[in-house]
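So the structure is just underneath, and the comments pick up after that.
The values are calculated or read from the model by the stated rules, or taken from the named source; none is laboratory data. These numbers come from a predicted model, not from an experiment. With ideal geometry, Cβ positions are generated from the backbone for all residues, glycine too; neighbour counts draw on all protein chains shown.
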């Protein structure tokens, strides 16, 4: 980050918006009007608009003592795009609104927007609007993502059927373990500022926390092989919680095999070091932004798990059977959805 | 408000969203999927999607010591719909995201949502999504409004032409005077809690501040008489600031007649009581949510100011002439855009 520290107030609200957004070029043909009017305009022909929104609060969703602003900007965009992909839709535009306290300089916001810009480039989406205002305390980021899909291609949470296979992309629990490591190093540092953070051995886990990706590639793979999931959701709150959403809305149960749940070796070893059961990090740790979906048996046979990092972790069963985890030792446990509760944690 | 005070954490995040949104029925045919999936889905045929977003922060944009939560919910929706109307579009859906500190109870949020619900009913828009999370301090509300319009009907800020007439709906400065009164009574109360607020004589001004309306009726009138403005914006930051936006983006100047700027009698008298020049409240006071627009001479002749509260306040002139106010005493003043700067005020 630059050494300069230009007060945000020196640019004025409109000057600040211009300054932050002037390098964002519109790339989507559907973006008719971007930043700079009362509203953005998006043109459509025969497709549906898909809309998702998130509000991220400093001290609740992110900790700037270990989250660089550039990464934060990137992640804030990615978590919204992940919701659009989870509809089997293509993200096309975003709006970004910020509330910032006076401790933030223009240079700090430039870093944040550099991350937002990078995410827009990586995923081919346009920044088309937003709002910038002051906050009483801390940084708040509100992002709305817009996507499009043909009506028939959309995948909701409520379409899982008995006999369907339960699939998940990537691995689970790593972002949560990354957060535990960052928190540990932060506390070590607070107690002894001369200690340097020990992060070199944890690049994968820390990276999963600080710079997650949305699984655009999985959506492309499903399309390529003509696989339409019956239900889909992104894993933001932990596997248990997302399974509960799908099962509740689809009025079904599920049977999950612990042995099939993808847990990275680093996550596994780090969990043991923290005296945690590794499967718990997958079930209850959040922020993986992997895709959890169900497919019919016919579609399941099209998935080549050698080609793409999709794991088949269980099956959809009758509602009366509930949500069950079969452990490696063949014990059966009821799955309890303890999604991240922002009002209790 | 009810006497009950149910902690928000007792419902959990998903329980809270269900609780707050269960009475919102989808009314728009285009709302295919509302709250409850990764994203909302909006269907389109030949129209454009129009998208606007706002972030409202307690202590910056509103003061709960005199703003009832129900009014706040109503106003938060209305200010976003106003942006959609200012595109000459019809608002159809909104998303609402909240960040709330633990001092808010479920009953308090019910009040807020009662206001949101009332606004949705009044303007015929659907609540289709959002996010609910905790804040470190205070209440933050992020609203995104979606609207639609045929591409040819859209009105931007950049279409004003030399010779066009400058028009504004309703009256200006009243919301600002209402805020001054509320602030005065708050300070009287803080100094002497036994004093009751003196608001009875100020219903119009206080009402303009606490419960503004978006000018749906003006858009309907323009449509009925086949008038398409050349440029349009809603008055959220004050007339000067909005004129500057239109003139800058349209690359024109304007000549405004003070005598034609609509200032309500209550606003006029109250300004004098506060030792302010009444025209200043119109030029620099914000939150009126009236529509400021320019029309061609042919369209201007179709506006019957006996039928609808539209005032013709000036003309668009060549860019070189700048932005000028001609006072009642026929003095000429340069208009200075001192829109509300959230980072300095």
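Take the residues of segment A:129-168 that are at the interface with chain B (Cβ under 7 Å from one of its Cβ atoms), assigned to a strand (DSSP E or B) and more than 19 Å from the chain's Cα centre (by Cα): which is surrounded by the most Cβ atoms within 10 Å (Cβ to Cβ)?
Applying the filter and picking the extreme gives A:129.
Has segment B:79-88 got any residue that is closer than 18 Å to residue B:288 by Cβ, at the interface with chain A (Cβ under 7 Å from one of its Cβ atoms), in contact (Cβ under 8 Å) with a residue 24 or more places away in the chain and not in a loop (DSSP other than H, G, I, E, B)?
Yes: segment B:79-88 contains one or more residues that are closer than 18 Å to residue B:288 by Cβ, at the interface with chain A (Cβ under 7 Å from one of its Cβ atoms), in contact (Cβ under 8 Å) with a residue 24 or more places away in the chain and not in a loop (DSSP other than H, G, I, E, B).
Being touching a strand residue (DSSP E or B) at 6+ places or on another chain (Cβ under 6 Å) and modelled with pLDDT under 90 is the filter here, so list the residues in segment A:150-196 that pass it.
Passing the criteria: only A:151.
Of everything in segment B:10-40, what is in contact (Cβ under 8 Å) with a residue 60 or more places away in the chain, more than 7 Å from chain A (Cβ to nearest Cβ) and part of a helix (DSSP H, G or I)? Give them in sequence order.
B:10, B:16, B:17, B:19, B:20, B:21 - these are the residues of segment B:10-40 that are in contact (Cβ under 8 Å) with a residue 60 or more places away in the chain, more than 7 Å from chain A (Cβ to nearest Cβ) and part of a helix (DSSP H, G or I).
Among the candidates B:280, B:230, single out the residue that is farther than 21 Å from residue B:215 by Cα and surrounded by 15 or more Cβ atoms within 10 Å (Cβ to Cβ).
Working: B:230 fails: farther than 21 Å from residue B:215 by Cα.
Sole residue among the options that is farther than 21 Å from residue B:215 by Cα and surrounded by 15 or more Cβ atoms within 10 Å (Cβ to Cβ): B:280.
Of the residues that sit in segment B:286-298 and are farther than 17 Å from residue B:86 by Cβ and either touching a residue at least 40 places away in the same chain (Cβ under 8 Å) or not assigned by TED's automatic domain parsing to the domain that holds residue B:172 (or both), which one is surrounded by the fewest Cβ atoms within 10 Å (Cβ to Cβ)?
Of all residues in segment B:286-298, those farther than 17 Å from residue B:86 by Cβ come to B:296-298.
Okay, now just the ones that are also either touching a residue at least 40 places away in the same chain (Cβ under 8 Å) or not assigned by TED's automatic domain parsing to the domain that holds residue B:172 (or both), so B:296-297.
On the way: B:296: 17, B:297: 11.
Looking at residues that are farther than 17 Å from residue B:86 by Cβ and either touching a residue at least 40 places away in the same chain (Cβ under 8 Å) or not assigned by TED's automatic domain parsing to the domain that holds residue B:172 (or both), I get B:297.
Looking at (1) surrounded by fewer than 24 Cβ atoms within 10 Å (Cβ to Cβ); (2) at pLDDT 90 or above; (3) part of a loop (DSSP other than H, G, I, E, B), can you tell me which one residue B:46 breaks?
(2) is the only condition that residue B:46 fails.
Residue A:67: more than 7 Å from chain B (Cβ to nearest Cβ), in contact with a helix residue (DSSP H, G or I) (Cβ under 8 Å, 6 or more places away or on another chain) and either modelled with pLDDT of 75 or more or not in a loop (DSSP other than H, G, I, E, B) (or both), yes or no? Quick ask: steps written out before the conclusion?
Numbers: more than 7 Å from chain B (Cβ to nearest Cβ): yes; in contact with a helix residue (DSSP H, G or I) (Cβ under 8 Å, 6 or more places away or on another chain): yes; either modelled with pLDDT of 75 or more or not in a loop (DSSP other than H, G, I, E, B) (or both): yes.
Yes; evaluated as a whole, the condition is true for this residue.
Scan B:170, B:124, B:207 and give me the residue that is in contact (Cβ under 8 Å) with a residue 24 or more places away in the chain and not assigned by TED's automatic domain parsing to the domain that holds residue B:234. Walk me through it before giving the result.
Numbers: B:170 fails: not assigned by TED's automatic domain parsing to the domain that holds residue B:234; B:207 fails: not assigned by TED's automatic domain parsing to the domain that holds residue B:234.
The match here is B:124.
Going through B:199, B:210 one at a time, which residue ends up being surrounded by fewer than 18 Cβ atoms within 10 Å (Cβ to Cβ) and touching a helix residue (DSSP H, G or I) at 6+ places or on another chain (Cβ under 9 Å)?
Values: B:210 fails: surrounded by fewer than 18 Cβ atoms within 10 Å (Cβ to Cβ).
The conditions single out B:199.
Considering each residue of segment B:318-338, count those that are surrounded by fewer than 19 Cβ atoms within 10 Å (Cβ to Cβ) and assigned to a strand (DSSP E or B), and give that number.
Summing the residues that are surrounded by fewer than 19 Cβ atoms within 10 Å (Cβ to Cβ) and assigned to a strand (DSSP E or B) in segment B:318-338 gives 5.
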